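Data block below; observations after.
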Amino acid sequence: GGVWWFGGGTDITPAYVNEDDLKHFHGTYKEVCDKHDPEFYPKFKAWADRYFVIQHRNETRGLGGIFFDDLNDRDPDTIFEFSKEALNSVVKAYGPIVEKHKDDDFTEQEKQWQLMRRGRYVEFNLVYDRGTVFGLKTGG
């Protein structure tokens, strides 16, 4: 009994676009989603594209990912297994990208751009992120 649901998501928010990095990240999550339900990736990717938007700036927070909430349309154990695999794939999705770029050189102008993009990430989380807003409004 009771009310239950699953929610979660992840997106890639690089300061600079690298097509190979995007293919790797999105490919990792497509593989995870397809393993559990072939409809998950297109559905959750589209949801992320709608969700991760800084509305008052009319710009995206990053370059997409997956997002789902209020997911309770099947057995809870089935959704839990998907959620666990999605969570456990963060390192597989991000690790190689971090490793590839951790020693990249950058200019002061590039650093300023990166800082602005980080600020936009925080702005999204404080203004629009459902979990953050819920926590702030409920004292959680």
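The values are calculated or read from the model by the stated rules, or taken from the named source; none is laboratory data. Predicted, not measured: the structure shown is a model, and the values here were computed from it. Don't worry about glycine lacking a Cβ; one is built from the backbone with ideal geometry, like all the others, and counts go over all protein chains shown. These accessible areas exclude ligands, DNA and RNA; they are computed on the full protein's heavy atoms, side chains included. Shrake-Rupley method; radii C 1.70, N 1.55, O 1.52, S 1.80 Å.
For the range 2-22, how many residues are assigned to a helix (DSSP H, G or I) and either of a type in the set (Gly, Ala, Ser) or free of Cβ contacts under 8 Å to residues at least 12 places away in the same chain (or both)?
2
Regarding the range 61-77, can at least one residue be identified that is without any contact (Cβ under 8 Å) to a residue 24 or more places away in the chain, part of a helix (DSSP H, G or I) and over 28 Å from Thr107 (Cα atoms)?
Checked the range 61-77: at least one residue is without any contact (Cβ under 8 Å) to a residue 24 or more places away in the chain, part of a helix (DSSP H, G or I) and over 28 Å from Thr107 (Cα atoms).
With respect to Ile12, determine if the residue is open to solvent by less than 30 Å² (accessible area, probe 1.4 Å), under 20 Å from Lys102 (Cβ atoms), under 15 Å from the mean Cα position of the chain (by Cα) and β-branched (Val, Ile, Thr). Can you show your working first?
Values: open to solvent by less than 30 Å² (accessible area, probe 1.4 Å): yes; under 20 Å from Lys102 (Cβ atoms): yes; under 15 Å from the mean Cα position of the chain (by Cα): yes; β-branched (Val, Ile, Thr): yes.
It is true that Ile12 is open to solvent by less than 30 Å² (accessible area, probe 1.4 Å), under 20 Å from Lys102 (Cβ atoms), under 15 Å from the mean Cα position of the chain (by Cα) and β-branched (Val, Ile, Thr).
From the list Phe40, Phe44, Phe82, which one is modelled with pLDDT of 95 or more, surrounded by 13 or more Cβ atoms within 10 Å (Cβ to Cβ) and within 14 Å of the chain's Cα centre (by Cα)?
Matching residue, one of Phe40, Phe44, Phe82: Phe44.
Can you go through Ala86, Ala48 and tell me which one is touching a helix residue (DSSP H, G or I) at 6+ places or on another chain (Cβ under 9 Å), of a type in the set (A, V, I, L, M), in a helix (DSSP H, G or I) and in contact (Cβ under 8 Å) with a residue 12 or more places away in the chain?
One residue alone meets the criteria, Ala86.
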